[in-house]
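See below for the structure under consideration.
The values are calculated or read from the model by the stated rules, or taken from the named source; none is laboratory data. Predicted model only: the values in this text are computed from it and were never measured. In this analysis, Cβ positions are derived from the backbone assuming ideal geometry, glycine residues included, and neighbour counts consider all displayed protein chains.
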Amino acid sequence: MEHTRHTRRYVVTGADSGLGREVARLLARTGDVVACGVGEGVDVRADLTTAEGRAALVEQVRGRTDDRLDAVVAVAGSGAPRPETVALNYFGTVEVLDGLRPALVASSTPAAVVVSSSSTLHRGSGALVRACTRGDEERALAAARHLVRTRRGSQLYRSSKTALNHWVRTTAVREEWAGAGIVLNAVAPGIVATETVLATWERDRALLETALPQPLGAPGPVAPVAHLLAHLASAENRSTTGQVVYCDGGTDALMRGTRPQRTYLRYPVRDVVAMWRAARSHVAGPGARPS
């Protein structure tokens, strides 16, 4: 079926509060939204910290959408210094997206976007990131418990989001995603004015403004982040994929400066030779052989 003949279908996790609720409201203006969360007023209630909850969400969403889905916006997450944060932020997000991928394939313009964080600009726990990216939830939760016991629970949030960034970068270009035409991205917000942030802002302000300075001011508005998520999940986004887009009021640019642009591609010798030959051929003209 052509995209123009049906209303776009979205799934939004974490739609019962904060950024997720704002994204669901925004998308509902132009499409049908299946709102998922753990609170009241959602279409699908599921606890994504457990394998059973993830499977239940996937089953209910696929049933509600007749196994055809245009976009998933995975917002559900937690910043609490508890192991459940890792289970939700990384494994809950990845398993839901993997489970809904077959429904996305049925769309002519499929998209998925997850919520990361500007806190990933800081180093987290390498052991936790590695366990997550290897898909080893048992080891990841053990690493999380160790961090909590050693009073390093604050690393759980940024480590789980860093692992999510890695997953997006490596997964987006795989045949089962890019080959199926599914664009997959992450948006990394800075400090934004959600209910959770505002509730503790005066207490945490000095720490947050020092650790994650935002040239445009903190906390930033929620709406721009929601609009960016909506764009990346839209039918119009057919080219941007595998990206971690910082929507952070300037934190990334301030803290990293030009460093990302100083890393250039490095090719194996055989690829360098092949490109040199191709370039020489272009210079010499059609039919000429490189000397």
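Some notes on this structure:
- Every residue from the range 178-203 that is farther than 21 Å from Pro221 by Cβ and touching a Gly at 6+ places or on another chain (Cβ under 9 Å): Ala178, Val183, Leu184
- As for the range 12-27, it holds at least one residue that is within 19 Å of the chain's Cα centre (by Cα), within 20 Å of Lys161 (Cβ to Cβ), part of a helix (DSSP H, G or I) and aliphatic (A, V, I, L, M).
- If the condition is being over 15 Å from Gly92 (Cα atoms) and aliphatic (A, V, I, L, M), then the range 28-60 contributes Ala28, Val33, Val34, Ala35, Val42.
- In the range 28-45, the residues that are assigned to a loop (DSSP other than H, G, I, E, B) and of a type in the set (A, V, I, L, M): Ala28, Val38, Val42
- Condition broken by Val173, with the remaining ones in (1) surrounded by fewer than 16 Cβ atoms within 10 Å (Cβ to Cβ); (2) assigned to a helix (DSSP H, G or I) satisfied: (2)
- Listed by position, the helices (runs of 4 or more DSSP H) enclosed by the range 46-156 that each have at least 1 residues that are in contact with a strand residue (DSSP E or B) (Cβ under 9 Å, 6 or more places away or on another chain), in the same structural domain as Ala186 (by TED's automatic domain parsing) and more than 28 Å from Val197 (Cα to Cα) are 51-64, 93-105.
- Taking the listed residues Arg203, Arg277, Arg270, the one that is exposed (fewer than 13 other Cβ atoms within 10 Å of the Cβ), in the same structural domain as Asp98 (by TED's automatic domain parsing) and farther than 29 Å from Glu95 by Cβ is Arg203, with no other qualifying.
- The requirement of being touching a His at 6+ places or on another chain (Cβ under 9 Å), among the basic types (Lys, Arg), assigned by TED's automatic domain parsing to the domain that holds Gly135 and not in a helix (DSSP H, G or I) is not satisfied by Arg9.
- Exclusive hit being within 30 Å of Ala71 (Cβ to Cβ) and at pLDDT 95 or above, set Leu254, Leu229, Leu198: Leu229
- Long-range neighbours under 7 Å by Cβ, at least six apart or interchain, first residue buried (at least 23 other Cβ atoms within 10 Å of the Cβ) within the range 219-236, second in a helix (DSSP H, G or I) and of a type in the set (D, E, K, R): Ala226/Glu22
- With respect to being among the hydrophobic types (A, V, I, L, M, F, W, C), out of contact with any Asp or Glu (no Cβ under 6 Å at 6 or more places or on another chain) and assigned to a loop (DSSP other than H, G, I, E, B), Val197 falls outside the description.
- Filtering Thr120, Thr50, Thr65 for residues that are touching a residue at least 12 places away in the same chain (Cβ under 8 Å), among the polar types (S, T, N, Q) and under 14 Å from Ser160 (Cβ atoms) leaves a single hit, Thr120.
- Residue within the range 233-242 that is assigned by TED's automatic domain parsing to the domain that holds Ser17 and within 16 Å of Arg21 (Cβ to Cβ) present: yes
- Whether a residue is buried (at least 17 other Cβ atoms within 10 Å of the Cβ) and free of Cβ contacts under 8 Å to residues at least 40 places away in the same chain was assessed, and Glu84 passes this test.
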